[in-house]
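Structure, as structure tokens:
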Amino acid sequence: MSSQSDSDTPTRTAIRDRHRETAAAVLPEHTDLYVGGEFVTPDAGGTFDTVDPTTGEVLASVARGRESDVDRAVDAAWDAFEKTWSGYSAGRRQRVLTTIADTIEEHTDELARLETLDNGKPVSEAKIDVRGAAEQFRYFAGIVRENPGETMTAGSRYGQVVSEPYGVVGQIIPWNFPLLMASWKLAPALAAGNCTVLKPAEQTPLSALRLAELIDDIVPTGVVNVVTGYGEEAGSALTSNPDVRKLAFTGSTAVGKQVMKSAADSVTDVTLELGGKSPVVVFPDVSVRKAVALVESAIFYNTGECCEAGSRLFVHDDVADEVLDGLIAAVEDTTIGDPLDEATDLGPKVSREQVERTTDYLDSAREQGGQFLVGGDRPDDEHLADGCFVEPTLIEGLAHDADAVQAEIFGPVLTVFRWDDYDEMIDLANDVDYGLAGGVITDDITRANRTARDIEAGYVWINSYHDLVPGLPFGGYKQSGIGRELSADTLDHYRQTKTINLSLR
Ligand code: NDP
């Protein structure tokens, strides 16, 4: 593990200065609630701080929305739906979405640096997020006109089946891909003809607020509303508001269950994209170099803060030593450092709380007999002392029912298992509550397909990982969620079906 060569290593002060300068250039102008096309203070006042996880400094104080603010935003969204948005043709909505995509792209550099400040992800990865966000709007702009409906004649009846928007939807997003998750939610909701109230995560509200500023002139008043605040206040008010006709949530499985329970009171439709503990299976025929590169990216991309992270490695006995040696070498070669630096591979985690969560799992792995092949601690470099850094870590020797194997750690921690019996390996690969994703690494297409079928998960990559393409549905089996994002199915999650049966007598 390296943190730049000594002569290049910036000091704590230099990192802090750079972050302050960047903040002065890219922070949004407004940190109030975005309701009815205006930035407004919460009814009860109040703010919360969002902190730069690299320096520990407060980036901004952001409005703390609560129940009455959520109610106000929901009313504004209904007003916009009734007065303007429901009258927009699919073609007109398509133009709006395309303009949003263009605008995001034009601001790629600025949005990426803002995301890096607020979340800690390396700026090179933040740019991928921003391009992905623009791509979401472009994709849903492309399919928004594909709404032909159906007709049927049956005797003296003429039936029409049409899809209609819900009206107002509530959307709650997490902190690991703040802008990207905002776009995964907003783009299909708007394409399908809904107005929305979006609640970003308390750790990372800034890119959603900047997006609100950027689209203010593009989207009619009240169509998009952003209520910042705490999950237990603003989030839970959104899930229990009876005028919200559909809820879409991304986050932990524990909170997803609460959202579903809350939605049950008003029989509100819910889609959930929740946690994961995904297996990556390496067969012995594959080049070690290829396996190492894929496994490294599967677990360490975005500091392991990915719901689909490949966090359990099942490597065949015949190549296990070589693959693990390669992974240890790759970890030792990882540049941990200031995420604003283009050369940084691994930035800080999003918050101190998330560091503690990860190190608690590392402690429990130690207690339960895990052998640490590399990592296992916080880096002790002086220049990283202000940040929420955790070393990339490989752990072998844990029982498969150990806490660190079963729980979503959401950090740069890979648990490793060797295998030689395929059936036993698949049983273990599926022996978790989650079923979001998986990876298979082999050049044997028959094996690859069989294993992809055998893994209980909503998305399986063969010889790649994290490659999410608009058009290919993404979502979970088991406790990883309900519903699919990124695809035409997603539009259907934001519409309801109406049948019109006309008597021809
Ligand atoms: P949460 O599930 O708590 O946060 C996700 C979103 O839900 C945030 O906007 C949060 O708001 C909101 N929220 C929290 N409580 C409620 C509630 N009662 N009603 C409605 N909304 C609510 O995740 P955490 O930030 O607590 O992270 C904990 C763990 O969850 C992580 O370590 C990781 O394992 C997992 N996680 C999984 C994600 C995924 O993509 N699958 C994403 C994020 C986390 P606020 O942040 O303001 O509290």
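The values are calculated or read from the model by the stated rules, or taken from the named source; none is laboratory data. What you see is a predicted model, and the numbers here were worked out from it, not measured in a lab. For neighbour counting, all protein chains shown are included, and Cβ atoms are generated from backbone atoms with ideal geometry for every residue, glycine included. Please note that ligands, DNA and RNA were not included when accessible areas were found on the heavy atoms of the full protein model with its side chains. Shrake-Rupley method; radii C 1.70, N 1.55, O 1.52, S 1.80 Å.
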message: Restricting to the range 230-258, name every residue that is open to solvent by 10 Å² or more (accessible area, probe 1.4 Å) and touching a Phe, Trp or Tyr at 6+ places or on another chain (Cβ under 6 Å).
response: Arg245
message: On the basis of being open to solvent by 50 Å² or more (accessible area, probe 1.4 Å), in contact with a strand residue (DSSP E or B) (Cβ under 9 Å, 6 or more places away or on another chain) and not hydrophobic (A, V, I, L, M, F, W, C), does Ser61 make the cut?
response: yes
query: Within the range 375-399, which residues are touching a residue at least 60 places away in the same chain (Cβ under 8 Å) and in a loop (DSSP other than H, G, I, E, B)?
result: Gly375, Pro379, Asp381, Ala385, Asp386, Gly387, Cys388, Val390, Glu391, Pro392
field: One residue from Asp129, Asp79, Asp118 being open to solvent by 20 Å² or more (accessible area, probe 1.4 Å) and either at pLDDT below 95 or assigned by TED's automatic domain parsing to the domain that holds Leu27 (or both)
entry: Asp79
- prompt: Only one of (1) part of a helix (DSSP H, G or I); (2) open to solvent by 40 Å² or more (accessible area, probe 1.4 Å); (3) closer than 25 Å to Thr250 by Cα fails for Thr497. Which number is that?
  reply: (1)
task: Starting from the range 479-505, take each residue that is basic (Lys, Arg) and list its partners that are surrounded by fewer than 19 Cβ atoms within 10 Å (Cβ to Cβ), counting only C-beta distances under 8 angstrom and pairs at least six apart or across chains.
output: Arg484/Pro473; Arg495/Ser163; Arg495/Glu164; Lys498/Val161; Lys498/Val162; Lys498/Ser163; Lys498/Glu164; Arg505/Ser156
message: Of everything in the range 308-359, what is basic (Lys, Arg) and either surrounded by 19 or more Cβ atoms within 10 Å (Cβ to Cβ) or in contact with a Ser or Thr (Cβ under 6 Å, 6 or more places away or on another chain) (or both)? Give them in sequence order.
response: Arg312, Lys349
message: I need every pair where a residue in the range 362-374 that is within 12 Å of Thr393 (Cα to Cα) has its Cβ under 7 Å from the Cβ of a residue that is among the charged types (D, E, K, R), sequence separation at least 6 or different chains.
response: Gln371/Glu396; Leu373/Glu396; Val374/Glu332
query: List, please: which pairs have Cβ atoms under 9 Å, are six or more places apart or on different chains, and start with a residue in the range 148-163 that is in contact (Cβ under 8 Å) with a residue 40 or more places away in the chain and within 15 Å of Lys498 (Cβ to Cβ) and end with one that is open to solvent by less than 40 Å² (accessible area, probe 1.4 Å) and basic (Lys, Arg)?
result: Ser163/Arg495
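Within the range 410-419, how many residues are within 16 Å of the ligand (Cβ to nearest atom) and in a strand (DSSP E or B)? First the steps, then the outcome.
Initial filter on the range 410-419 (within 16 Å of the ligand (Cβ to nearest atom)): 410-415.
Pick out the ones that are also in a strand (DSSP E or B) and you get 413-415.
Count: 3.
Among the listed residues Glu202, Glu232, which satisfies the condition of being touching a strand residue (DSSP E or B) at 6+ places or on another chain (Cβ under 7 Å) and of a type in the set (D, E, K, R)?
Glu202
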task: Looking only at the range 464-479, count how many residues are touching a Ser or Thr at 6+ places or on another chain (Cβ under 9 Å) and among the aliphatic types (A, V, I, L, M).
output: 1
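Which of the residues spanning the range 420-434 are more than 16 Å from the ligand (Cβ to nearest atom) and either in a loop (DSSP other than H, G, I, E, B) or surrounded by 19 or more Cβ atoms within 10 Å (Cβ to Cβ) (or both)? Break it down into steps so the answer makes sense when it comes.
Kept after step one, since they are more than 16 Å from the ligand (Cβ to nearest atom), are these residues of the range 420-434: 420-431.
Asp420, Asp421, Met425, Ile426, Ala429, Asn430, Asp431, listed by residue number.
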statement: Checked pairs for the range 244-269, first in contact (Cβ under 8 Å) with a residue 40 or more places away in the chain, second more than 7 Å from the ligand (Cβ to nearest atom) and among the aromatic types (Phe, Trp, Tyr), C-beta under 7 Å and 6 or more apart or across chains, list as Arg245/Tyr166; Lys246/Tyr166; Lys246/Tyr494
query: What do you reckon, is Val162 open to solvent by less than 10 Å² (accessible area, probe 1.4 Å) and over 19 Å from the mean Cα position of the chain (by Cα)?
result: no
message: For the list (1) within 16 Å of the ligand (Cβ to nearest atom); (2) open to solvent by 10 Å² or more (accessible area, probe 1.4 Å); (3) without any contact (Cβ under 8 Å) to a residue 60 or more places away in the chain, I need the number of the one condition that Ala407 fails.
response: (3)
- request: Give the residues of the range 360-377 that are under 26 Å from Asp52 (Cα atoms) and surrounded by 18 or more Cβ atoms within 10 Å (Cβ to Cβ), sorted by residue number.
  value: Tyr361, Leu362, Gly375, Gly376
query: Could you count how many residues in the range 9-38 are open to solvent by less than 20 Å² (accessible area, probe 1.4 Å) and part of a helix (DSSP H, G or I)?
result: 5
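Determine if the range 266-275 includes at least one residue that is away from the ligand (no atom under 12 Å from the Cβ), farther than 20 Å from Ala182 by Cα and of a type in the set (Asp, Glu).
Here is the first cut: in the range 266-275, the residues away from the ligand (no atom under 12 Å from the Cβ) are 266-269, 271.
Among the residues that remain, those that are also farther than 20 Å from Ala182 by Cα are: 266-268.
Now restrict to residues that are of a type in the set (Asp, Glu): none.
The answer is no, given that none of the residues of the range 266-275 is away from the ligand (no atom under 12 Å from the Cβ), farther than 20 Å from Ala182 by Cα and of a type in the set (Asp, Glu).
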message: Within the range 343-354, does at least one residue satisfy the condition of being within 19 Å of the chain's Cα centre (by Cα), within 12 Å of the ligand (Cβ to nearest atom) and assigned to a helix (DSSP H, G or I)?
response: yes
